[in-house]
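What follows is a set of notes on a single structure, which appears directly below.
The values are calculated or read from the model by the stated rules, or taken from the named source; none is laboratory data. A quick note: this is a predicted structure, and the numbers were derived from the prediction, not measured. Neighbour counts run over all protein chains shown; Cβ positions are idealised from the backbone, glycine included.
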C-alpha cells in the first residue's frame with residue numbers, strides 16, 4: 001500500500017549536504033573490495049602470460065582464445081571449438097545444480113521445522129545449524145574426507161553392523177563432491193527459507209484446507225508460492241558459491257569431478273600457472289552468474305508489479 | 001426437519017483447561033445464527049470445531065444429520081470467512097474466489113464463470129484481476145465472502161468478519177450480510193463479540209460465557225427475557241439491583257425493592273432469598289407514582305436520548321434513558337426524582 005511519502009521539511013534540506021560525506025565509507029568499501037579487484041581481473045584477462053607465473057603488459061585476446069578455440073596440439077590446424085573447458089563448465093553447472101537441489105530437499109523441511117517451533121526454541125535450532133560455521137571450511141572438508149574414506153568411521157561402522165562386506169569407495173566420487181557441497185552450503189539454504197516461513201501466515205493454510213485443498217495441494221498451491229522468494233534466495237546462495245567451489249571438488253573429488261574452481265585455482269599456482277587464463281575463466285564465470293541473477297531480478301520485478 | 005448443524009455434548013479441552021463444557025446447539029437450515037460473547041468465551045473455538053480446525057474432545061457435530069466431527073476440514077462442506085480474511089496474496093482476486101472450485105475439480109471455464117458471478121454479487125467485478133493487496137479492507141472482506149460462498153457451502157462460518165472494518169463500513173456490511181444470507185438461503189453461523197451486530201442481523205443468538213452457552217433465543221428473547229445475570233449484563237445496558245425475593249410462583253416473583261415498595265415481575269429463578277433484579281434503563285419514566293426514588297447526579301446528552309445517572313436512596317448507582325423529546329424536561333443534577341417502572345421493565349434473574 002504505497003501512500004504518499006512524508007513531506008520534506010526544512011530539516012531535510014539541512015541534512016541533504018551531509019548525504020554524500022556520510023555515504024563515503026560505503027563507496028570506499030565497495031570501491032576497494034569490489035570494483036578494484038574486478039577491474040584488475042578484467043585487465044589481467046587481456047594480458048600476456050609470462051613464464052613462471054605473472055604477466056607481461058601486452059594486450060591480447062589469447063586467454064579467451066585458449067578457452068573457446070583449439071588449433072590442434074601444435075597450433076597449426078584449422079580453428080575448432082575447444083570442448084575441454086566448456087565441459088568443465090557444464091560439469092560444474094550440473095554439480096552446482098545437484099547440490100542446490102539436495103540442499104533444497106533437506107533444507108526446506110529443516111527450515112519449516114525450525115520456523116514452526118515455539119519462538120523461544122527457534123533460536124537454539126538456528127544456533128545449532130550455524131555452529132559448524134565456526135570452523136574453517138578447509139578443516140571441515142578434510143574431516144569429511146576422513147569420515148567417508150575406506151578406513152573411516154562411516155565404512156567401518158557399516159561393515160561392523162554387517163550392512164556391507166567391503167568398504168564403499170566414496171572418496172574421489174561425484175557423491176563425495178555432492179556431500180561436500182551440500183555440507184558446505186546447507187545453512188545458506190536453510191536461513192532464507194526459515195525467514196520466509198517464519199513470516200508465513202498459517203491462516204492461509206487453514207483457508208486452503210477450508211476450501212477443499214488437501215495437504216499436498218495446500219503445499220503446492222499456497223505455501224510454496226508464498227515462500228518462494230525465500231526458496232529462490234536460498235537457491236542462489238547455494239548455487240553461486242557451489243559453481244565456483246574448489247575445496248570440495250579438490251579434496252573429495254578426483255580427475256572426473258574437476259570443476260571451475262579447481263581450474264581457476266590451478267592457474268595461479270607455481271610456474272605451471274597462467275594468470276591471464278585464470279582471470280579470463282573467472283570473468284566468464286562471473287558473467288554467467290550475473291546473467292542468471294539479472295534474469296531473476298527482472299522476473300521478480302515483473303511479478304512484483 | 002433435520003437441523004443444518006446439530007452440536008451434541010461437544011467438549012473441548014486443551015490439556016487440563018476446558019474451553020467448552022458440553023455444548024448443545026441446534027441450528028436450523030437457512031438460519032442466521034450468531035455465537036455472541038466476550039473474548040475467551042469459547043465462541044471462536046466452537047466455530048473452528050465446526051470448520052474442522054480444532055479437534056472435538058468429546059461429542060458430536062452433525063451437519064444435516066451426518067457426524068462430521070472427525071473429518072478433515074477439506075472434507076467438510078462448510079466454508080469460512082476468516083477474521084483477517086486470509087486471502088491468498090499471490091493470486092488475483094478472481095483466482096482467490098475460484099480456488100475452492102478448483103480444488104473441488106470444477107473445470108476452468110465453469111469456475112471462472114461462477115467466480116465472476118460471485119464477484120458481481122459482492123460488487124467487485126471491476127477488481128477481478130487485481131491483487132488482494134491492492135484492495136481496501138472493505139473490499140478484501142467482500143472477496144473473502146465471495147471466496148467462501150463460491151463453492152456453495154451447506155453452512156457458511158463467519159469469524160468476526162467485520163471487526164477489522166471502520167464503523168460506517170461495518171454498519172453497511174451488516175445490512176449487506178443479512179441480505180446475502182436471505183438471497184443465498186445458506187445457513188450462516190456468525191461469531192462476534194459485538195452485541196449490536198448480533199442483535200441487528202441474527203435470527204437467533206447463542207450467548208456464551210466461560211465455555212458455556214448461557215442462553216439461546218431471538219434478539220428480543222435475550223434482550224427482554226435474559227435468563228441470568230451474565231446475559232442481562234452483557235446484552236445492552238441494565239441496572240442490577242440486589243433484592244429480597246418474598247415469593248415465587250408460576251414464573252412470577254414478588255420482590256421487595258430498596259425503599260420498601262413491592263413489585264411483581266417475571267422471574268428466571270424459582271428460589272426465594274436474595275437475587276438480582278434487572279431493570280432496563282429505557283423502561284422507566286419520571287413520575288410521582290414512584291416505585292423507586294433517586295437523586296440525579298449527572299445528565300448526559302446523547303442526541304436521541306438523555307442518559308440520567310442517578311443514585312437510589314439506598315446508595316446504589318442507577319441509570320435511566322429518557323427520549324430526547326421536546327415535552328420532556330431534563331432533570332437537573334441534585335434533583336430528587338421518582339421512577340416508575342413500565343410494565344415488564346423488571347426481571348428477576350438467576351445467578
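Which condition does residue B:53 not pass, out of (1) within 14 Å of another protein chain (Cβ to nearest Cβ); (2) in contact with a strand residue (DSSP E or B) (Cβ under 8 Å, 6 or more places away or on another chain); (3) farther than 23 Å from residue B:217 by Cβ, if it passes all the others?
All conditions pass for residue B:53, except number (2).
Inside the range B:132-145, can you point out the residues that are within 26 Å of residue B:33 (Cβ to Cβ) and within 12 Å of another protein chain (Cβ to nearest Cβ)?
Residues satisfying the conditions are B:137, B:140, B:143, B:144.
Based on what the data block shows, is residue B:264 part of a strand (DSSP E or B), assigned by TED's automatic domain parsing to the domain that holds residue B:242, more than 12 Å from residue B:239 (Cα to Cα) and touching a strand residue (DSSP E or B) at 6+ places or on another chain (Cβ under 9 Å)?
So residue B:264 passes the test.
Quickly run through the range A:224-241 and pick out the residues that are under 18 Å from residue B:102 (Cα atoms) and more than 7 Å from every other protein chain (Cβ to nearest Cβ).
A:224
Tell me the residue from B:34, B:80 that is at pLDDT 95 or above, assigned to a strand (DSSP E or B) and within 14 Å of chain A (Cβ to nearest Cβ), please.
The match here is B:80.
Among the residues of the range B:275-316, write down those that are part of a loop (DSSP other than H, G, I, E, B) and either surrounded by 16 or more Cβ atoms within 10 Å (Cβ to Cβ) or over 31 Å from the mean Cα position of the chain (by Cα) (or both).
Residues of the range B:275-316 part of a loop (DSSP other than H, G, I, E, B): B:280, B:287-291, B:302-304, B:313-316.
Correct list: B:280, B:287, B:288, B:289, B:290, B:291, B:313, B:314, B:315.
Considering every residue within the range A:210-220, establish whether at least one is free of Cβ contacts under 8 Å to residues at least 40 places away in the same chain, surrounded by fewer than 16 Cβ atoms within 10 Å (Cβ to Cβ) and over 30 Å from residue B:55 (Cα atoms).
no
Let's see how each residue does on (1) outside any strand (DSSP E or B); (2) over 24 Å from residue B:13 (Cα atoms); (3) touching a strand residue (DSSP E or B) at 6+ places or on another chain (Cβ under 8 Å); (4) at pLDDT 90 or above:
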site: B:169; (1), (2), (3), (4): yes, yes, no, no
site: B:173; (1), (2), (3), (4): yes, yes, no, no
site: B:190; (1), (2), (3), (4): no, no, yes, yes
site: B:199; (1), (2), (3), (4): yes, yes, yes, yes
site: B:206; (1), (2), (3), (4): no, no, yes, yes
site: B:214; (1), (2), (3), (4): no, no, yes, yes
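Among the residues of the range B:124-135, is there at least one that is at pLDDT below 95 and within 19 Å of residue B:78 (Cβ to Cβ)?
No, the range B:124-135 contains no residue that is at pLDDT below 95 and within 19 Å of residue B:78 (Cβ to Cβ).
Determine, yes or no, whether residue B:178 is surrounded by fewer than 18 Cβ atoms within 10 Å (Cβ to Cβ) and farther than 20 Å from residue B:79 by Cβ.
Working: surrounded by fewer than 18 Cβ atoms within 10 Å (Cβ to Cβ): yes; farther than 20 Å from residue B:79 by Cβ: no.
Considered against the rule, which asks whether it is surrounded by fewer than 18 Cβ atoms within 10 Å (Cβ to Cβ) and farther than 20 Å from residue B:79 by Cβ, residue B:178 comes out as no.
Return the residues of the range A:74-131 that are closer than 16 Å to residue A:197 by Cβ and not in a helix (DSSP H, G or I); say none if nothing qualifies.
Matches in the range A:74-131: A:116, A:117, A:118.
How many residues are farther than 14 Å from residue A:89 by Cα and touching a residue at least 24 places away in the same chain (Cβ under 8 Å) if we restrict to the range A:264-291?
Of the residues in the range A:264-291, 9 are farther than 14 Å from residue A:89 by Cα and touching a residue at least 24 places away in the same chain (Cβ under 8 Å).
Give me the residue from the range B:2-20 that is surrounded by fewer than 22 Cβ atoms within 10 Å (Cβ to Cβ) and in contact with a strand residue (DSSP E or B) (Cβ under 8 Å, 6 or more places away or on another chain) and, out of that set, nearest to residue B:194 (Cα to Cα).
Ranking the candidates gives B:19 first.
Conditions (1) buried (at least 23 other Cβ atoms within 10 Å of the Cβ); (2) assigned to a strand (DSSP E or B); (3) assigned by TED's automatic domain parsing to the domain that holds residue B:149; (4) modelled with pLDDT of 95 or more, marked per residue:
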residue: B:22; (1), (2), (3), (4): no, yes, yes, no
residue: B:26; (1), (2), (3), (4): no, yes, yes, yes
residue: B:39; (1), (2), (3), (4): no, no, yes, no
residue: B:60; (1), (2), (3), (4): no, yes, yes, no
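Count, please, the residues in the range B:93-131 that happen to be part of a loop (DSSP other than H, G, I, E, B) and either surrounded by 15 or more Cβ atoms within 10 Å (Cβ to Cβ) or within 12 Å of chain A (Cβ to nearest Cβ) (or both).
So the answer is 8.
Taking the range A:180-223 only, how many residues are in a helix (DSSP H, G or I) and at the interface with chain B (Cβ under 10 Å from one of its Cβ atoms)?
13
Exactly one of these conditions fails for residue A:162: (1) more than 26 Å from the chain's Cα centre (by Cα); (2) assigned to a helix (DSSP H, G or I). Give me its number.
The failed condition is (2).
Among the residues of the range B:184-203, is there at least one that is farther than 15 Å from residue B:32 by Cα and surrounded by fewer than 17 Cβ atoms within 10 Å (Cβ to Cβ)?
Going residue by residue through the range B:184-203, those that are farther than 15 Å from residue B:32 by Cα are B:193-194.
Okay, now just the ones that are also surrounded by fewer than 17 Cβ atoms within 10 Å (Cβ to Cβ), so B:194.
Within the range B:184-203 (the criterion being farther than 15 Å from residue B:32 by Cα and surrounded by fewer than 17 Cβ atoms within 10 Å (Cβ to Cβ)), the answer is yes, since at least one residue qualifies.
If you check residue B:101 against the conditions, is it closer than 18 Å to residue A:208 by Cα and out of contact with any helix residue (DSSP H, G or I) (no Cβ under 7 Å at 6 or more places or on another chain)? Before you say what the answer is, go through the steps one by one.
Numbers: closer than 18 Å to residue A:208 by Cα: yes; out of contact with any helix residue (DSSP H, G or I) (no Cβ under 7 Å at 6 or more places or on another chain): no.
Taking the combined requirement at face value, the residue does not satisfy it.
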